[in-house]
Amino acid sequence: MTSVAVPADSVFVRACRGETVEHTPVWFMRQAGRSLPEYRELRAQAGLSMLEACRTPELVREITLQPVRRHNVDAAILYSDIVVPVAAAGVDLDIVPGTGPVVAQPIQAMADLARVGELEPAQVSFVDDAIRLLLTELGDTPLIGFAGAPFTLASYLIEGGPSKSHARTKALMHGDPQLWHALAARLAEITLTFLRVQVEAGVSAVQLFDSWAGALSEADYRTFVLPHSAHVLQGLAGTGVPRIHFGVGTGHLLPAMAEAGADVVGVDWRTPLDEASRLIGVRPDLVLPRAATGEPLPEPRSRAVQGNLDPALLLAPWDVIEHEVRRVLAEGEAAPGHVFNLGHGVPPETDPAVLTRIVELVHKVSMR
Ligand code: CP3
């Protein structure tokens, strides 16, 4: 009998499903990018903007593989950006180095919605091409696809760029709920199409980034955001591909985010994983909301967690990092599955050798 190693049987995918694994899998949000000298070199050599780089499959393949070769992480994440599908759907935007996404004409009124088109899969065929190139090289290493969640995308479109307070976004959602829901529903469709393209091309898991959702109260999250994120996650339910749902500063939102229907909930460094696991675990006392479309949501059940080493500590002495890695691993034991990660992305000033050492430590300490 021969057995062929495939990504669907990988330690990472099985941990996402809450199955027993030989060791805790580890990857890092933003593992591809400016912390790697080989990334900076390749980008400089190519002379392309970030968005152009994301649309060049050979470059995407190479950048996605760089951290896999260097760190021996348990998963690759597609090199792209959350605004790529929005740009492909016709929104005039750019990714400004050192700033982030900047939108030429922010959304303020119902008439502006016409600028946010529908996404046709053919408009992101470069992603399909890049994934197919990657799959032949990755072998049994799983590839994670991703997209931005409706709230985080809407914030960029309404604010016109990065915002700390998300004040215009909150003012619009309360002041013109009809426009808010129309915009969020349109972004949910774009996100769902973008993720379906990635799943059909062969990614082994997807992550929905709602990076800025933590800025909302639980009540606002439930009213204005949860139905739209749930629509995206439910839309992928039949694919069998694990869905990870992540946000920053979301300790107070974890039960609500878990209800949106992901298989794995990403947790930042503020909430210990054992506490997070309790918050997102089986909650039969919760009354399930219904998605905006009226589709029923599944019963809540126990879910895996992902996280949550504080990225700031990557700059600390090694003995501090080792102590924190061991703590995160011990707290992760409380969940039915644990994928080791940072609590947010790798800061550009990180020494990549530290990340390689963390991968070795996670594998060694968690070996069963
Ligand atoms: O390795 C990976 O994780 C995959 C690559 C990835 C990028 N963006 C590449 C990128 C992923 C997963 C993202 C998602 C993303 N983009 C999010 C959600 C994740 C998070 O950090 O919360 C958000 C909010 C964005 C929007 C965005 N794009 C920001 C805030 C920035 C940083 C701006 C800056 O220059 O500091 C970007 C640009 C960006 N996306 C870079 C990279 C590697 C840096 C710019 C560059 O390399 O030219």
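Just so you know, all these numbers are worked out from the coordinates, no wet-lab data involved. Treat the numbers as computed from the prediction; the structure is a model and nothing was measured. Methodologically, a virtual Cβ is constructed for each residue, glycine included, from the backbone with ideal geometry; neighbour enumeration extends over all protein chains shown.
Filter the chain for me: DSSP H helices, axial length by Cα at least 15 angstrom, mean Kyte-Doolittle hydropathy not below -0.5. List them by residue number. Passing helices, by number: 125-138, 177-201, 318-332, 352-366. Remark: spin-label model distance S165-M367 equals 5.3 nm, labels positioned 7 Å along the Cα→Cβ axis. Geometric descriptor of the chain, per residue, is 132 Å³ (volume of the convex hull of the Cα atoms). Highest mean packing comes first when the peptides 354-360, 146-152, 252-258 are listed by Cβ atoms within 10 Å, giving 146-152, 252-258, 354-360. The loop-placed GluC sites (Glu not before Pro) in the stretch 1-106, going by DSSP, that have at most 13 neighbouring Cβ atoms within 10 Å of their Cβ come out as E19, E22.
Available extension along the chain between L42 and A111 is 20.7 nm, counting 0.36 nm per residue and deducting the alpha carbon span.
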